[in-house]
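Just so it is clear, none of the values below were taken in a lab; they were calculated from the coordinates. Owing to the predicted nature of the structure, the values given are computational and were not obtained by experimental measurement. Counting neighbours? That spans all protein chains shown, and the Cβs are built from the backbone with ideal geometry, glycine included.
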Amino acid sequence: MTGTVLTVTSGKGGVGKTTAIANIGVALAAKGQKVICVDGDIGLRNLDVVMGLENRIVYDLVDVIEGRCRLRQAMIHDKRLPELYLIPAAQTRDKTAISPSDMARLCNDLRTECDWVLIDSPAGIERGFHNAIAGADKIIVITNPEISAVRDADRVIGLVEAEEREAPQLIINRLNPAMVKRGDMLSVDDVLDLLAIKLIGLVPEDENVIVASNRGAPLTLDAKSKAGKAFHNIARRLLGDEVPFDELDTPGLLQRLLGRK
Amino acid sequence: MSFIDDLLGRKKSASSAKERLQFVLIHDRTDLTPAELERLKDDLIEAISRHVEIDSAAVNIAVTQEGRSQRLVADIPLRSAGRHHRR
């Protein structure tokens, strides 16, 4: 296999990187892809709890890189899907435990094992960020329609461009259509005007995201929620489908009465 | 909030966010502070004035953008030779 290595990064913390990795991973795996999610946030691991796999950790990313276990021993199988795996971050080490060249080498090994390697980047623009993008074929920048998140996203996009890599694509997360409508939240067009990169996903704000992480069951496992649908659309776009950006369309009253979506 | 804004003719918060971002992003991207841009303008006026006479008070210099690329645009009015001779 020759998988694609995709890193999700943001600059600012708390905009939804880990949620996006868990849900895009589930959505791709539900479409029959073999997916390995890697938590790149050494010292502040969280992808394990968001995916609900925290009780099954034996080895971690640093164990693989330092040769204490084989790659496959560190891959935790998410049994809810045939081919979804997690490599957790080490919790008792820090970002300097690995280097960008370690990560590039690891990504080469992972590529031969699956269709998709999804790397969850830590916040910030220091070592952890450079580790997370070192082996990436594709980079997705995720942001919220909020002034500090957009500014940090722009900074990260600039750093990726400076490395002369393929231009990153954008996910706008936690969009609140009612606030946009009354002029109190940057719209999709505003954010695209400012950041000037290609959009790959629009995720509406959805309380189910918190409920899902409380349970350790990514909401994409059940596609009924608004955000879950949005992550399924992102997975389809990654697989090359042309999917219209209708994530924010709310059904009209008549359609709702008729029970249509 | 937005109803009151409308009554008072106040700008919506999203448009102030966008305007403020447009301003900070130009400087973030170029690493050029407004003070540095001012110094650059002075240097430019001095260099050009060695060759042609310009209306230094009317010089306008700004960073504009197209997509993700930035451009330094200078508008430098020349003093016409005729006016110069008559003086």
Toward the positive end of the charge dipole of chain A, about the Cα centre and with charges on Cβ (Lys, Arg +1; Asp, Glu -1), which of A:VAL8, A:ILE157, A:THR18 goes farthest?
A:THR18
Here the relative contact order (percent) of chain A, from C-alpha pairs under 8 Å and at least 6 apart, is 25
Shielding of A:181-193 by partner chains, average beta-carbon count, 10 Å:
4
Relative to the first principal axis of the alpha-carbon coordinates of chain A, what is the inclination of helix A:226-238, with its axis defined by its Cα atoms, in degrees from 0 to 90 and to the nearest 10?
60
Hey, what angle do you get for helix A:17-30 against the long axis of chain A, alpha-carbon based, 0 to 90 degrees rounded to 10?
90
For B:LYS11, give me every one of the lysines with a C-alpha distance below 22 angstrom, ignoring sequence neighbours fewer than eight places off in its own chain.
A:LYS181
Using a 10 Å cut-off on Cβ to Cβ distances, tally the other chain neighbours for every residue of B:64-71 and report the average as a whole number.
2
Would you work out the charge dipole size for chain A about its Cα centre, treating the Cβ of every Lys and Arg as +1 and the Cβ of every Asp and Glu as -1, and quote it to the nearest 20 debye?
760
Any lysines whose Cα falls less than 19 Å from that of A:LYS31, other than same-chain ones fewer than 8 residues away, would be A:LYS79, A:LYS224, A:LYS226, A:LYS229
Quick one: if the Förster radius is 51 Å, what FRET efficiency do B:LEU8 and A:ARG80 give, using the C-beta to C-beta distance and rounding to 0.05?
0.45
For B:ASP75 paired with A:ASP184, estimate the spin-label separation in nm (one decimal), with each label point 7 Å from Cα along the Cα-to-Cβ line.
3.8
Compute the distance from the alpha-carbon center of the range A:201-225 to that of the range B:13-87, in whole Å.
48
When you look at the Cβ of every residue in A:158-165, what mean number of other chain Cβ atoms sits within 10 Å?
1
